[in-house]
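Only the coordinates and a few stated rules stand behind these numbers; no lab work does. Not measured: the values here are computed from a predicted model. Counting neighbours? That spans all protein chains shown, and the Cβs are built from the backbone with ideal geometry, glycine included.
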Amino acid sequence: MISFKKNDVIIVTGASSGLGQSTAIQLNELGATVIAIARNKERLNETKLKCKYPDNFHIEVKDLTEKIEELPVYIKELKNKYGKFTGLAYCAGVANIAPLQAIDLTKAKEIFDINYFAPLFMVKGFCDRRNNIGKGASIVVISSISGVKSDKGHGVYGGSKAAIAASMKSFAREVSETQGIRINCVSPSDVKTPLTAHKIEQENSKYPFGCGEATDVSNMIVFLLSYEAKWINTQNYIIDCGYM
Ligand SMILES: NC(=O)c1ccc[n+]([C@@H]2O[C@H](COP(=O)([O-])OP(=O)(O)OC[C@H]3O[C@@H](n4cnc5c(N)ncnc54)[C@H](OP(=O)(O)O)[C@@H]3O)[C@@H](O)[C@H]2O)c1
């Protein structure tokens, strides 16, 4: 049975909505102390209200695309405030679907900032050995099915997701040897969250059990963060109800 201790301090980005919110609530319910990061304070507070142990839920309002290179310093500041980290669930992200001729560099860079560069520098900060507990620490980054099976219009979004999954595999090999930290990705397909609200009804029939719920993904994230997953490393789990 998965459980966490109060001194398991776990960062969850994207905790104001969707998959990050579900992950944060579940981790809190299972006993972890959650550091919940997003830009929207009101929605972070709504997440907190849904938590079983609100005293173990701490809100940090932050735009992760501002000063990306300084994210390791930000992680250090959070460590000084809350203690060394046991886990990081990187669930923040955007999906911008556009055909080839509609792609412009500014928009493409914005997508890569939140889906690729921000998680890269958050992981860099987390893996500074002064900021994590060492052996037993675990990182999960949300990639996407679009990073594996890129559909029409998913060129830039899928590119950002493929890139982050590839980088995480490399970092996982490095930091598991040097520090005992595990890193895995999850790659969902269509899951009902505010991100997909505009298209979810039309996607429902693609799947034998309909589109996914946020908990279908957060169950996996929470497991991968837990001690029960201690022999699982460098993987990228597709969660698509067998659609691919
Ligand atoms: N839902 C799906 O079907 C699906 C499928 C595959 C992959 N994914 C991936 O899963 C991740 C989460 O998706 P979701 O469905 O949960 O989306 P969502 O409901 O829109 O949530 C996105 C989260 O990211 C945060 N965020 C966005 N930009 C940010 C920034 N600059 N700084 C800090 N936080 C930021 C948002 O918080 P604020 O707005 O409060 O900042 C929000 O909490 C994304 O990477 C998405 O690509 C989702």
Per DSSP, the loop-located chymotrypsin sites (Phe, Trp or Tyr not before Pro) within the range 138-237 having at most 12 other beta carbons within 10 Å are 209, 231
Treating every alpha carbon of the range 9-239 as one equal point scatterer without solvent, the Debye formula yields log10 I(q)/I(0) values at q = 0.09, 0.10 Å⁻¹ of -0.33, -0.41
Any helix of the chain counts here only if DSSP assigns it H throughout, its Cα atoms span 18 Å or more along the axis, and its mean Kyte-Doolittle hydropathy is at least -1.0, and such helices are 155-179
The size of the Cβ-based charge dipole (Lys, Arg +1; Asp, Glu -1) of the range 9-239 about the Cα centre, to the nearest 20 debye, is 460 debye
If every Lys and Arg gets +1 and every Asp and Glu gets -1 at its Cβ, then about the Cα centre the range 168-244 yields a dipole, in debye to the nearest 20, of 180 debye
One finds the C-alpha centres of the range 176-244 and the range 30-51 to be spaced, in Å, by 20 Å
The longest stretch of the chain containing none of the trypsin sites (Lys or Arg not before Pro) that sit in a DSSP loop with at most 10 other Cβ atoms within 10 Å is 1-129
Asserting the computed 222 nm helical MRE of the chain (DSSP H runs at least 4 long, -39500 (n - 2.57) per run, divided by residue count, to nearest 500) equals -11500 deg cm²/dmol
